[in-house]
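Asks: Below is the structure I would like to discuss, written out as structure tokens.
What follows draws every value from the coordinates through simple rules; no lab data is involved. All values derive from a computational prediction rather than experimental measurement. Cβ sites come from the backbone with ideal geometry, for glycine too, and all protein chains shown count toward neighbours.
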Amino acid sequence: MDFFATTTKGLEDVLADELVACGASSIEPANGGVRFSGSLRDGYRACLWLRTANRVLQPIASFACPSQEALYEGVYALHWEELLSPRMTLAVDANLRDSTITHSRFAALKTKDAIVDRIRDRSGQRPNVDPKDPDLRINLHLARNQCTISLDLAGTGLHRRGYRRDPTIAPLKETLAAGLVALTGWDRASHFVDPMCGSGSLPLEAALLASNTAPGLLSPSFGFQRWTSFDPPLWQELLDEAEQAKRELPANLIFGSDRDKRAVDLARRNAESSGIGAKIRWFYSDFAKLEPPAGQGTLICNPPYGERIGAEQELEAFYRKIGDTFKQRWTGWTAWVFTGNLALAKRIGLKPARRIVLYNGPIECRLLKFDLY
Ligand SMILES: C[S@@+](CC[C@H](N)C(=O)[O-])C[C@H]1O[C@@H](n2cnc3c(N)ncnc32)[C@H](O)[C@@H]1O
């Protein structure tokens, strides 16, 4: 079977490394994702273990699509009755690029019509659409008038780790946070500190990694569990394997801190209730006053880079302070800063040893590495 795992732009190589570790084959990074091949087991394993993938798609057909008629006919020709019963619900996501059809909602609607018409013509009944929580999520990718139709194994998205976060804190998407942790190359044995942890995404993803916890163990469900082809014994075997692979997280390894007490309390509660990070140590402190744990390690932060008008000067002073604090308190550490504002990043006043380009949604960001000798 062929698969395509999607990810945040800039994390394709990280995802490819994860797929190597998962035992997938024919791994081929592309723009915004990675192609790979494997069995049904590999598809399930990918959903269970991949930390940086947003979705795992299984392409089922590809055809030339120069017009809306070609789209309808190409989709109608597929054997949907083998995948979808009239009692099941469906949803269609569409991404379009450089094609005659330019509206993704229109393309999704046309695709849905073709599928529903085919099922109705075969069975006399129409399946319903459920955009939020369908039994079968279908992905339409149209690039240069070539259409690929895929089934979405993830369903509602692999970023759902089951730890609740406060949306007012601007939390990082879980899969992006996992990618940032991977890019730091943290050795999982020395300290890991996020001094501006907000709702705790980075310490929580570090904890999942260090305890070898498959992120999918925390997900409520996956799309493929509702497919007609679902293989429950195979899935149970993979879940048991993942449970056995978990390791105890050492105490005093991962630290999260923030000056916002509400954020720290929420992060602590999330970590404890989800069972992944009971051993993460949480502090309530301004970064400038935070005492580094004894020894050295990796510091990563995602400081505010706000769009709020009038905040620019305040933020410039704050980024300067970050640089000063690095120099004064964190000697010997490796520090990483993730920001979407390059002008502010310059105010840190230290020369980055590495600059990695990544996207946080549509925002072009940098992950900057500082060696604090
Ligand atoms: C963009 S949010 C971080 C979001 C976090 N990565 C997450 O996924 O939830 C920035 C955080 O920096 C914190 N912060 C701002 N100034 C700070 C300071 N001087 N010391 C410590 N934390 C600070 C804010 O309270 C906020 O929670």
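Asks: Ranked by Cβ crowding within 10 angstrom, fewest neighbours first, how are 305, 72, 373 ordered?
Replies: 373, 72, 305
Asks: Now a separate question. Return an integer: the convex hull volume of the alpha-carbon atoms of segment 237-360, in Å³ per residue.
Replies: Convex hull of Cα atoms, per residue: 160 Å³.
Asks: Right, next: Stretch residue 342-residue 81 to full length: gain in nm at 0.36 nm per residue minus the Cα-Cα span?
Replies: 88.8 nm
Asks: Between 219, 303, 56, whose Cα lies farthest towards the positive end of the dipole of the chain when Lys and Arg beta carbons carry +1 and Asp and Glu beta carbons carry -1, centred on the Cα centre?
Replies: Checking the options against the dipole of the chain, the answer is 303.
Asks: With only alpha-carbon pairs counted, each pair once and no self-pairs, how large is the Kirkwood hydrodynamic radius of segment 2-152 in angstroms?
Replies: The answer is 16.0 Å.
Asks: Rg and Dmax of segment 167-236 over Cα atoms: what are they, in angstrom?
Replies: According to the Cα coordinates of segment 167-236, Rg and Dmax are 15.4, 47 Å.
Asks: Local charge sum around residue 355 (other residues, Cβ-Cβ under 11 Å, Lys/Arg +1, Asp/Glu -1)?
Replies: That sum, taken over residues with Cβ under 11 Å, equals +4.
Asks: While we're here: Can you give me the distance in nm between label points at residue 1 and residue 359, each placed 7 Å from the Cα along the Cα-to-Cβ direction?
Replies: 2.7
Asks: Separate question: Residue 70 to residue 173: FRET efficiency via 1/(1 + (r/R0)^6), r the Cβ-Cβ distance, R0 41 Å, to the nearest 0.05?
Replies: With R0 = 41 Å, the Cβ-Cβ based efficiency is 0.75.
Asks: Same structure again: Quick one: Debye curve from the alpha-carbon atoms of the chain only, equal weights, vacuum; give me log10 I(q)/I(0) at q = 0.07, 0.09, 0.15 Å⁻¹ to two decimals.
Replies: Debye intensities relative to I(0), on a log10 scale: -0.36, -0.57, -1.27.
Asks: Pop a pseudo-label 7 angstrom from the Cα along the beta-carbon direction at both residue 221 and residue 129 and give the gap in nm to one decimal.
Replies: Those two pseudo-labels are separated by 2.1 nm.
Asks: Next question, about the same structure. Please give me, ordered by residue number, the GluC sites (Glu not before Pro) of segment 278-373 that lie in loop per DSSP and have at most 11 other Cβ atoms within 10 Å.
Replies: Sites meeting the loop and neighbour criteria: 307.
Asks: Another question, then. Please give the helix 40-49 orientation as an angle from the longest Cα principal axis of the chain, in degrees from 0 to 90, rounded to the nearest 10.
Replies: Roughly 30 degrees, rounded to the nearest 10.
Asks: Separate question: Expressed as a rounded percentage, what relative contact order does the chain have, with Cα pairs under 8 Å and six or more residues apart?
Replies: 14
Asks: Let me ask something else. Could you check what % of the DSSP bridge pairs in the chain are antiparallel, to the nearest 5?
Replies: Bridges in the chain that DSSP calls antiparallel: roughly 60 percent.
Asks: Okay, moving on. Taking the highest mean first, how do the peptides 171-177, 104-110 order by number of other beta carbon atoms within 10 angstrom per residue?
Replies: By packing density, highest mean first, the sequence is 171-177, 104-110.
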